[in-house]
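> What follows is a single structure, and I will ask about it in a moment.
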Amino acid sequence: QVQLVESGGGLVQAGDSLRLSCQASGRTFTFETYFVGWFRRAPGKEREFVAQIGRSELYANSVKGRFTISRDNAENMVYLQMNSLKAEDTAVYYCAADLLLSRVLRGTPDYWGQGTQVTVSP
């Protein structure tokens, strides 16, 4: 069992930056073996993939060049640095993890955090 807790959301203006954090924990797990993704759900929209990190990184086209995903395996942490934020980035952001990359990319990973709200004012 893996627990994920996101933090770092908030209210910012367009053009600002935010860094989201995802803390992973569990009784018996090896964090570096997990693929970790960030997803978001905007009001009235379906949940969408944002970024993923495993052996490499993958980004949604809508955030490529503005967002950077990184991880610190020693601290069981994954980060999402979000720069040049736009109003359309407003959403609840979720961290998710799975041992299989395919599940993360399909949006069906086993483990999810509770989400953190990001609001970008125009």
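> When the helices in the chain are scored as -39500 (n - 2.57) per DSSP H run of 4 or longer and the sum is shared across all residues, what 222 nm value do you end up with, to the nearest 500 deg cm²/dmol?
-1000 deg cm²/dmol, from helical runs alone.
> Still on this structure, I have one more. Among Leu58, Gly8, Ser21, whose Cα sits farthest toward the positive end of the charge dipole of the chain (+1 at Cβ of Lys/Arg, -1 at Cβ of Asp/Glu, about the Cα centre)?
Of the listed residues, the answer is Leu58.
> Averaging sequence separations of C-alpha pairs under 8 Å and six or more residues apart, then dividing by the length of the chain, give the relative contact order as a whole percent.
Normalised by residue count, the contact order of the chain is 36 percent.
> Please report the carbon-and-sulfur percent of the accessible area for the chain; probe 1.4 Å, protein heavy atoms only, DNA, RNA and ligands left out.
Carbon plus sulfur share of accessible area: 47 percent.
> Run the simple label-point estimate for Leu105 and Glu32 please: 7 Å along Cα→C-beta, distance reported in nm.
With each label point 7 Å from Cα toward Cβ, the separation is 2.3 nm.
> Moving to a separate point now. Set the Förster distance to 30 Å, then compute FRET efficiency between Glu46 and Thr119 from the Cβ-Cβ distance, nearest 0.05.
Taking R0 as 30 Å, the efficiency between Glu46 and Thr119 is 0.95.
The values are calculated or read from the model by the stated rules, or taken from the named source; none is laboratory data. Everything numeric in this text was worked out from a predicted model, so none of it was measured. Please note: Cβ atoms are built from the backbone with ideal geometry, for glycine as well, and neighbour counts cover all protein chains shown. Note: areas computed on protein heavy atoms with side chains; ligands, DNA, RNA excluded. Shrake-Rupley method; radii C 1.70, N 1.55, O 1.52, S 1.80 Å.
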